[in-house]
Every structure is written in C-alpha cells, then in structure tokens.
1. Counting other beta carbons within 10 Å of each Cβ, put ASP56, ASP369 in order, fewest first.
2. Along the range 404-411, what does the Karplus equation 6.51 cos²θ - 1.76 cosθ + 1.60 (θ = phi - 60°) give for ³J(HN,Hα), rounded to whole Hz, x for Gly and Pro?
3. Roughly speaking, what is the centre-to-centre gap between the range 15-51 and the range 165-188 when only Cα atoms are used, to the nearest Å?
4. Hey, got the dipole for the chain? About the Cα centre, +1 on K and R Cβ, -1 on D and E Cβ, debye to the nearest 20?
5. Would you kindly derive the ³J(HN,Hα) couplings of the range 303-316 from the backbone phi angles with the Karplus curve 6.51 cos²θ - 1.76 cosθ + 1.60 (θ = phi - 60°), listing them in order in whole Hz, with x for Gly and Pro?
6. What number, in percent, do you get for the relative contact order of the chain if the mean sequence gap of Cα pairs under 8 Å and at least 6 apart is divided by its residue count?
7. Most exposed first by the Cβ proxy, i.e. fewest other Cβ within 10 Å, how do TRP243, TRP102, TRP432 rank?
8. What 222 nm value per residue comes from the helices of the chain, counting each DSSP H run with n ≥ 4 as -39,500 (n - 2.57) and dividing by all residues, nearest 500 deg cm²/dmol?
Amino acid sequence: TEQLPLARAVKLRESVIDAEWKIRRSDDSEIIAQGSATPVLDSQGRMLGAVLTLRDVTPERRLRQQLEEERARLHTVFQRAPAVIAIYSGPEHTITMVNPAWEVTVGKTDVLGRTFREAFPEVASTGLYEMLDRVYETGEPFVGNEANIPLARRGDGVLEDTYWNFVWQPLSGVEGHVTEIMVHAVEVTEQVLARQQVEQKAEERRRIATALERSNQELDQFAYVTSHDLKAPLRGIGNLSQWIEEDWGRQMPQEVRQHLQLLRGRVNRMEGLIDGILQYSRATRVIGEVQAVNVNALVADIIELMDPPENVHLEVQPGLPTLRTERLPLQQIFMNLIGNAIKHTRREDAQVRIQGRDQDTFYEFVVSDNGPGIAPEFHERIFGIFQTLEARDTVEGTGIGLSLVKKIVEHHSGRVWVESEEGAGSAFHFTWPATP
C-alpha cells in the first residue's frame, strides 16, 4: 500500500508523478492504472490531505507490449532471413543496417556508416547510383531481375560477375517524405549461369541439327544422282550381255553362257546394292504418320507380298499387338528379317516363326528359323553394313538388310540382337516401344 501514489504523497510529503500499478477490480479483472498524487499542507506545514488523479492505461500498455513483441519478431526475421536485407538512410544512402546474410553473400563486412557509393565503387558504371537516387527522390520502388552486377567481395579487388534479383523499397518518415530505402536481394548467379549453359547447349544442338539436316539433304541429292548415274551403265551392261547371248543363240559355248548369266546376276546385285544404299541413307529421316498398326495384319501382308516357296512353313503367333506407331519402319524390319530367314533356310522342311511378347513399356518380337545358324563370333559382325557370311554368288544379297534393321530399331530407342548356334537355327530379337 505504501507504493501507491496517495500513500507515498501523504507519508513522504512529496509529489508522485505517473506511477503505474495493477488494480484488481470488483469483477476480478485487472487493469493497469497510472496515477499522480500531490500532498496538501497548511501554513504550518501540517498534512491536510492529498490530491490524487488516476487514469486507466491498460489499452496503451497492451499496445506497447504488442509493438515490442512485433519488433522482436521483425528483428528475428531480419537476422535469420536467407535473403540479403539492408537499410540505406538519407539522400547519400548511408548503410545503417545489414543482416547476417549480407555479410555471407555480399561479402562486405565493414560497410555500416558508409554510403552506397563508398561501399560499392566497382558498380559506378552500371547505373545503380543514379537508379538509387531516383528511388529516393520519387518514392517509387525499383525491381531488378537477374541484374548483372560486378562485385569485389573477396577483398583482393578481383571483380566477380554476379546476378541478383532485388527490390529497393522507399520508406517514408512521419511527414511523408522518403527517409530510407530498404533493400531485399537474392543472388541468382548459379541459376542464371546454369540456364545460360543450357541455352548455349540448346543453341549448339540447333546449329548441329541444322547442319545435319543440310548434310542429309546433300546426301540425298548425292545418293539420287549417284544411283541414276550408276544404274544407267549397269543396265547397258546387262542389256548388252542379253543381246550377245541372243545373237549367238545355240552356237554360244555353255561356259560363255554361264559367264554371261553370272555377269547379269552381279549386275542385278549391284542394282540392288545401290537401292539398298539409298534405302539405308534415308532410313530414320523420313517421319511417317503415327497410326494404329495391327502387327498380325502387317506380317500377313508382308508374307503375301513375298510369296515364299512351298517348302517354307511360316507360323505367326496369334494375338500380336496393335501398336500406335509408324507403319513403314516396322514393315521394313519384318520384311528384312522374314526375307533373310526364308533366304538362308535352305531346307525342304524350312520353318519360320514370328512371335512377340509384352515387356511393359515395349514389345519384344522374335523372327526365328531352323536354318544353318550363326556362330557366336559373328553375332555382332552381321549387323555391320555390307556384311555377309556366305559368298555373294551363292546367296543373293547386298549385306545391307540387317544394318538397316539395326539403324531403324535403335532410332526408335530399341535393341536388336541374335541368339544362335551354328547348325541350330537363328532367332532375331528386337524391341519396339509400346507407345510413340
């Protein structure tokens, strides 16, 4: 009780100004009261009483407490923010506050009390000084997006090429004039350099693709002209051998006739080789329409077109899938593999099987035969261009078919391989994507 303003004024005979204490009211709630008390004395200095004034300051004190808590929270945010935060004060932009992220990221630790120009002399030619002045004068914020700012932050004067996203936000005083500028900045150097690298690689790929397309067009033109120029004399040679044989008639020795027939066979093979080279050069560069391709129907059409000899028994697995894909590349693969199986299985009971199985994201197809088989040491070699395992005069072929198959399959992100043992037939496998 002695601490109350009235009691103190009476006991100590002195005025008490703006003392605060808690008062419990009749409803058991508490308020914060602010009071002043002045003692009243008679002419003899004897205490006559005291004058007391009381005021409920509870709302004001609660507001003050909220402000202090808010200030503490803001200080915590300022200190812990991962972004760079700083305050520039006055028209000279004196640096009055920086957070820990500033010291870590910007690398300048002795900047408090220095102006922006003094702390960052290396940006004089970037226009940042003038822009900062404009923000202070106009009160309009400035947003920098991936701004390229050279910084000397290692203490050795060496400039680093850095990139920043930042905001300069003007802060106004009680009279409404700008007094400070708050800085919020995030360094994005790594992201910008990574994106630039990706863009450079993309541009490089575009240049390569353009050059490749131009090269392919030139190759097409060359192949077409070469095909035309080579086929003309070949036809002449073939026709001439036919005329010679017709002119001689029965007088021609059998040995000469055989040589001429062999000559025409090689001419025909040369024409086939030229066509094969054309086909190989154009494979994977002509993009066809993606459509629903019933593989059973496709294989049936190929077999009908090939018209295999009667001694060849072809067995096609029912229920092969219907794929959403280009028809022509898949047709070329099956024509080559089925054609090879028929051509190389020189048996009276020749058997060729076409099978397939679902492998989730792709299908695996198999064309197998009961022919002579292939020794393991040749399993890779046969997929090279112009590679054959038999004399060209024994089995007609250009050595391009399997290399064409490999090129088409790999272009469609698939794989092709052979499983075979000499004398035990061959099984050619390839995978094809289930969706385009």
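1. Ascending number of Cβ neighbours within 10 Å: ASP56, ASP369.
2. The phi angles translate into 5, 4, 4, 5, 5, 4, 5, 5 Hz.
3. Cα centroid to Cα centroid, the span is 47 Å.
4. So the magnitude is around 620 debye.
5. 4, 5, 5, 6, 6, x, x, 5, 6, 9, 9, 9, 10, 10
6. 8 percent
7. The fewest-first ordering by Cβ neighbours comes to TRP243, TRP102, TRP432.
8. The helix-only estimate for the chain comes to -14000 deg cm²/dmol at 222 nm.
Bear in mind that the values in this text are calculations on the coordinates, not laboratory data. Remember, it's a predicted structure, so these values are computed and weren't measured experimentally. Positions of Cβ are generated from backbone atoms using ideal geometry, with glycine treated the same way; all protein chains shown enter the neighbour counts.
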